[in-house]
Structures are given as C-alpha cells and as structure tokens.
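Where a number appears in this text, it was derived from the coordinates with a stated rule and is not lab data. Please read all numbers here as calculations on a predicted model, not as lab measurements. Methodologically, a virtual Cβ is constructed for each residue, glycine included, from the backbone with ideal geometry; neighbour enumeration extends over all protein chains shown.
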C-alpha cells in the first residue's frame, strides 16, 4: 500500500508540466485518462492529474480515478474519509466561486502554522486559476462552502536511514561539498527525480551528477537554475529546517 510520501514525490516530479498550447487541455494526463489525445473546454484536467499521480504512486486503491471533481469528493465521503482539516497527503477539493459545486482539486503538500496549506495542483497558474494549464504549487486557506479534504488510507511510511543534520538548519551546498547534508540532498533527489535514481549515488560527495540533478530539479520546480542548493531549493525539496 502506498504512502503520502510516495504520492507527493510523484506529484513534485511533475511540477512545471504544462499543456501545449496553453488553453488546449492537451497534456499527458488527459491522454492517459481518455486513451487518446483530447482538447477543448470539455476536458479540464485537475482531477485527472490527481488520478494519474495516484496510479503512478501505487495508490489507485486509496484515491479514486476520476475526472469530475464532485465524484472524487463523494468517493471519500462514502468511505467516511472526509473532513475540514488539512493534512499532508490529503486530497483537497475546492468549491470555486460562482460554480455552485466542487470544481477544483489538488494534493496537500504542506500544512502551515496559520492553518493555510500548500497544495500541488494540476491545471492552474500563477494567478491560482482552476484552468491555468500547468502543474504548480498553490498556497490556499479556503475550500469554499462545499469543499473539504479527502483522507486516503495511506500505509505508514517506512523509517528512512538517518542522515546527520545540525539543529541550526541546512547550509547552502554546491559542487565540491561533502558530508551528511549532501547525503540528505542526494537521497531526496533520487526520489523527487526518478530519472536519476539509477546513477545518482548517495555518497555525500557533491559532484557533477549531483549538480546535474539539482539543476534539473530547479528547472522543474521553476526555481533559479544555478546548481546551488540554498533555502528555496531546500524548501522545494521538502527538507527545509
């Protein structure tokens, strides 16, 4: 059974994916869901993105395959797995203003102390739209009157091999650095960007392969692509302290 970590790792790897051209709904998630290339206003894909993440992460029994957001919300309600409190890994359903029904969905990545949350959402944009055409992070604090959170019955995550990390936080890393922080970085990159899993060795040595993986992660996460792991990159990796 899949974990919240596995689902979020798959979702993070998709950050920056966009339909082409914007406004066409031509995106790999729709092609997967419908078994053919589709386009047009009839195929918004926020729920299809969540469904694709679920099946890719091995969580298809925990998160329903759906294209219609109210149907996804009903699936959780029928199982008694619905509520109003954000949790990491929860599927968040929004009632969009003026729609009169649930009409957007994402995956909660982070819950903030002020009660807001950051979700990874498909078919959104920098303005927070529900039809923006990209996979992005959105920080939100309201789900609307009909919205709420579906709670997948995730398995408990297996304990990871501990990596040394001082309480003061993580330092800026670049090529040539070594040590436990580099190991933590390498472990996370192997999960966040599976293409590197086969040849990125977790050896605590920030060499060319690690720098290449960092640059690719930064590009996909829409960060400054400089190969240097600073606060923003640590935060995007979910390892900020």
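Axis of helix 69-78 versus longest Cα principal axis of the chain: the two differ by about 90°, to the nearest ten degrees. If you run the Gaussian network model on the chain, springs between alpha carbon atoms under 10 Å, then out of 70, 86, 113 the most flexible one is 113.
Springs join every pair of Cα atoms under 10 Å in this Gaussian network model of the chain, and among 74, 41, 205 the largest mean-square fluctuation is at 41.
Can you show me the helix-derived [θ] at 222 nm for the chain, built from DSSP H runs with n ≥ 4 at -39,500 (n - 2.57) apiece and divided by the number of residues, rounded to the nearest 500.
Values: 7 runs with 70 residues, N = 241.
When only DSSP H runs of four or more count, the value is -8500 deg cm²/dmol.
Counting other Cβ atoms within 10 Å as a rough exposure proxy, the listed residues 130, 231 run 231, 130 from fewest neighbours to most.
Which of 91, 55, 107 has the fewest other C-beta atoms within 10 Å, and how do the rest follow up to the most?
Lowest count first: 55, 107, 91.
Helix 180-192 and the long axis of the chain differ in direction by around 30°, with both axes built from C-alpha atoms. Please list, short to long, the whole-number percent of alpha-carbon pairs of the stretch 4-150 in consecutive 10 angstrom bins beginning at zero. Per 10 Å bin, starting at zero, the Cα-Cα P(r) for the stretch 4-150 comes out as 13, 47, 35, 5, 0 percent.
Under 8 Å for C-alpha pairs, at least 6 residues apart: give me the relative contact order for the chain, rounded to a whole percent. Write out the running numbers ahead of the final one.
Values: 454 pairs, mean separation 45.4, N = 241.
Computed value for the chain: 19 percent relative contact order.
Residues 48, 143, arranged from fewest to most other Cβ atoms within 10 angstrom of their Cβ, appear as 143, 48. Between 0 and 90 degrees, rounded to the nearest ten: what's the tilt of helix 4-13 against the longest Cα principal axis of the chain? Taking Cα atoms only, the helix is inclined about 80 degrees.
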